[in-house]
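Colleague: So that we are looking at the same thing, I have put the structure below in structure tokens.
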Amino acid sequence: MARLDLGALPLLPTSVIGSHAWPAWLHLALAAAERGECGPDDIRETLDDAVDLAVRDQEEAGVDIVSDGEMRRAGFFTAAFYGFLTGIEALPARRKIGVVAHDQRESYRVIAPIEAPRGLGLLDEWRYVRTRTPKPIKMPCAGPFTLAGRLQGGAVYPDRLETARVLVTIVNRELRALVANGATFIQIDEPSYAVHSDDPRAFVDLFNATVEGVDARIGLHLCFGNYVGRPVARRTFRPLFPAIFAVHAHEFALEFANREMAEIELAAGFPRDRTLAAGLVDVKNYHVESSVEIAERIRAVLRHLRPDQVAIVPDCGFSQTARWAARRKLAAMVEGTRIVRQELTGSPSG
């Protein structure tokens, strides 16, 4: 299967990180499903409609590479992926009262060797979304180290790294199945790399094992967390570089907008065969950027990289953003990109 060819896309291709903002009716429908008021066909139809909405919002904005909005995933990875795993049990939240934060998130204990007999659900996501759009599609998947973050190894696995190594096999199998069914662009989401950045060499080994034999364009998304719109770490990528370039990824998606373009100089160290998906839309802020602001940020990136090494994306997914804001931000991102394409090529379409 051929990898996604960026040469067939406009200069400075626009994309998304993965998740899209939920419409109000999806919140209501899933709450009804939790109360047992929906049958499986009702739920399937609801989620199909949600994917259709996410794709339509991206297409209307003019995004070049779309996703299914991760609309079938009720959480970034816990409810979405852990529901496919056996050998784990849920634990009570450490805190249930007060301001919502990371210590109120789900956690699990490993009680038996982890397996995923039904896969991780990505193949069903892919099979549906590929029928809904002619545009290139990015398939995001949480990486093994991040997936291991809310699993306590218990008596089965001694530490998080060993748990992650078990998950490598499960994720790799899922990615290979995606490629066998036609996926050409897969993004591995590993925000935990930046959160625990003291030993990037261990992450390199994990990542490369995860994507071994996966013949697609591979992206690595690094960020600082976005649960309820809040990061969870000191916001610096610097400790990961340049060691992280040893991963077998073609593209690195990094957030810059919410940090006022801090560390954009890291782009100058990118090897010529890698691309930067530059996060230039702040998903944690309800200031809606103008196209002029987006264009200014793109020019800042281009001071360090050739245009053919750059893609334009939001900082992170839009799952924690109201839909009205997400739609306006996507439109501004695309229009700002067209401004710079016009400057570079004489055509807004690149």
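Colleague: Arrange R72, R176 by Cβ neighbour counts within 10 Å, fewest through most, would you?
Modeller: R176, R72
Colleague: Taking Rh as the Kirkwood radius computed over C-alpha pairs, what is the Stokes-Einstein D of the range 118-267 at 25 °C in a medium of viscosity 0.890 mPa s, expressed in µm² per second?
Modeller: For these conditions, the coefficient is 151 µm²/s.
Colleague: Moving to a separate point now. I'm a student and want to see the number: the projected area of the Cα convex hull of the chain, averaged over all directions, in nm².
Modeller: 16.7
Colleague: Apply the Kirkwood formula to the range 238-279: the hydrodynamic radius equals the inverse of the mean of 1/r over all pairs of different alpha-carbon atoms; give it in Å with one decimal.
Modeller: Over the range 238-279, the inverse of the mean reciprocal pair distance is 10.8 Å.
Colleague: Give me I264, I298 ranked fewest to most by other Cβ atoms within 10 Å of their Cβ, as a rough exposure proxy.
Modeller: Arranged by neighbour count, lowest to highest, I264, I298 become I264, I298.
Colleague: Next question, about the same structure. What are the aspartates and glutamates whose alpha-carbon lies under 16 Å from the alpha-carbon of K96, with same-chain residues fewer than 8 places away excluded?
Modeller: Within the straight-line cut-off, K96 pairs with E106.
Colleague: Check cross-link reach from K135 to the aspartates and glutamates: straight Cα distance under 15 Å, and skip same-chain residues fewer than eight apart.
Modeller: Hits, sequence-local ones excluded: D5, D52, D57, E59, E60, D64, D68.
Colleague: So, one more: I'd like the distance separating the alpha-carbon centroids of the range 40-93 and the range 105-122, in whole Å.
Modeller: A separation of 17 Å, based on Cα centres.
Colleague: Let me ask another. Mean projection of the alpha-carbon convex hull of the range 218-350 over all orientations, in nm²?
Modeller: 7.8
Colleague: Take the Cα coordinates of the range 139-197, assign each an equal point scatterer, and use the Debye formula without solvent to give log10 I(q)/I(0) at q = 0.12, 0.28, 0.31 Å⁻¹.
Modeller: So the normalised log intensities are -0.32, -1.12, -1.24.
Colleague: Of I97, I17, how do they rank once you tally other Cβ atoms within 10 Å and put the fewest first?
Modeller: Listing I97, I17 from fewest to most nearby Cβ atoms yields I97, I17.
Colleague: Mean shadow of the range 15-137, computed from the convex hull of its alpha carbons, in nm²?
Modeller: Mean shadow area of the hull around the Cα atoms is 9.3 nm².
Colleague: For the chain, find the longest principal axis of its Cα atoms and tell me its angle to the long axis of helix 24-34, 0 to 90°, nearest 10.
Modeller: 20
Colleague: Report, ordered by chain and residue number, the lysines lying within cross-link reach of K284, taken as a straight Cα distance under 19 Å and ignoring same-chain residues fewer than 8 apart.
Modeller: Output for K284: K329.
Colleague: Which residues' amide hydrogens lie under 5 Å from the amide hydrogen of L12, considering only partners 5 or more residues apart or on another chain, with H built in the peptide plane?
Modeller: V310
Every number here is computed from the coordinates shown, using simple stated rules; none is lab data. Since the structure is predicted, the reported quantities are computational estimates derived from the model, not experimental observations. Using ideal geometry, Cβ is built from the backbone for each residue, glycine included, and neighbour counts are taken over all protein chains shown.
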